[in-house]
Amino acid sequence: MTLALIDYGAGNLHSVANALKAAGCTDMLITADADAVMNADRIVLPGVGAFAACASALRAVPGMVEALEQRVQREAVPFLGICVGMQLMAETGEEHGTHAGLGWVRGTVRHLTPDDASAKVPHMGWNDVVPSRDHPLIVPGEAYFLHSYAFEGADVIAGTNHAGPVTAAIGRDNLLGVQFHPEKSQRYGLDLLTRFLSWMP
């Protein structure tokens, strides 16, 4: 099965690609070509940086959003969004104003506001991933987080705690998004990617 790792200038591509290879991916295409995405059997959308810049960069790739809509929303190929790639699944993001996401999951990405003012933002480092309902890909463990904004909305399947509850993963049908970085999460992250590579939602 061909996996498309989407290159839109806003992701930690080489680290994610290396982690996917270590997890067992043997047919991966790092691509900014919408036609390649149309032919992919699995899709990974990474993302590092600000929501607005990532959303703009993704929309600037000719035909990419349309290809994602077709393959992910209509044809239900397995999809994984990582960090800002997960946040882009939301309806809107509030970083530097309000900006439209892909609108696949009902919710908004808002600035982290810990209950304890001494808790630092960005939320950075290792933290627990606590499933809130059963999902074949998400298990309890520790993962590496690095973010200042977090998703609030529907389809939350796991959380973490940073002086208050924070969404760690969202999922529905063929969609999975993780706020943490599997490529930086050592064995926990590699095991997640391995499960994704064989996932048949």
Query raised in the report: Helix 51-60 versus the longest principal axis of the chain: what is the Cα-based angle in degrees, 0 to 90, to the nearest 10?
Result: 10
Query raised in the report: Between region 1-47 and region 135-180, what is the C-alpha centre distance in whole Å?
Result: 21
Report task. Using a 1.4 angstrom probe on heavy atoms only, work out the carbon and sulfur share of the accessible area of region 1-128 in %. Result -> 48
Report summary line: Counting only DSSP beta bridges fully inside the chain, the antiparallel percentage to nearest 5 is 60
Query raised in the report: If all Cα-Cα distances of the chain are sorted into 5 Å bins from 0 onward, what percent lands in each bin, rounded to whole numbers?
Result: 1, 8, 18, 22, 22, 16, 8, 3, 1, 0
Query raised in the report: Per residue, how much accessible area does region 52-191 show when a 1.4 Å probe rolls over the protein heavy atoms, in square angstrom?
Result: 43
Query raised in the report: Can you give the direction-averaged projected area of the convex hull of the alpha-carbon atoms in region 34-127, in nm²?
Result: 7.0
Query raised in the report: Long-range amide H contacts for Gly81: which residues qualify at under 5 Å (H placed 1.01 Å from N, peptide plane, sequence gap of 5 or more or a different chain)?
Result: Leu45, Leu176, Gly177, Val178
Query raised in the report: Under the definition of Cα pairs under 8 Å and six or more residues apart, what whole-number percent is the relative contact order of the chain?
Result: 20
**Report entry** Accessible-area order (highest first, 1.4 angstrom probe) of the listed residues Val16, Val139
**Finding:** Val139, Val16
Report summary line: For region 87-132, the Kirkwood Rh over every pair of distinct alpha carbons, in Å, works out to 12.4
Report task. Taking the chain as the reference, fit the longest principal axis to its C-alpha atoms, fit the long axis of helix 13-22 to the helix C-alpha atoms, and give the angle between the two in degrees, 0 to 90, nearest 10. Result -> 80
Report summary line: With Cα coordinates, the longest principal axis of the chain makes an angle with the long axis of helix 186-198, in degrees rounded to 10, of 40
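The values are calculated or read from the model by the stated rules, or taken from the named source; none is laboratory data. Predicted, not measured: the structure shown is a model, and the values here were computed from it. For accessibility, only protein heavy atoms count, side chains too; no ligands or nucleic acids. Shrake-Rupley method; radii C 1.70, N 1.55, O 1.52, S 1.80 Å.
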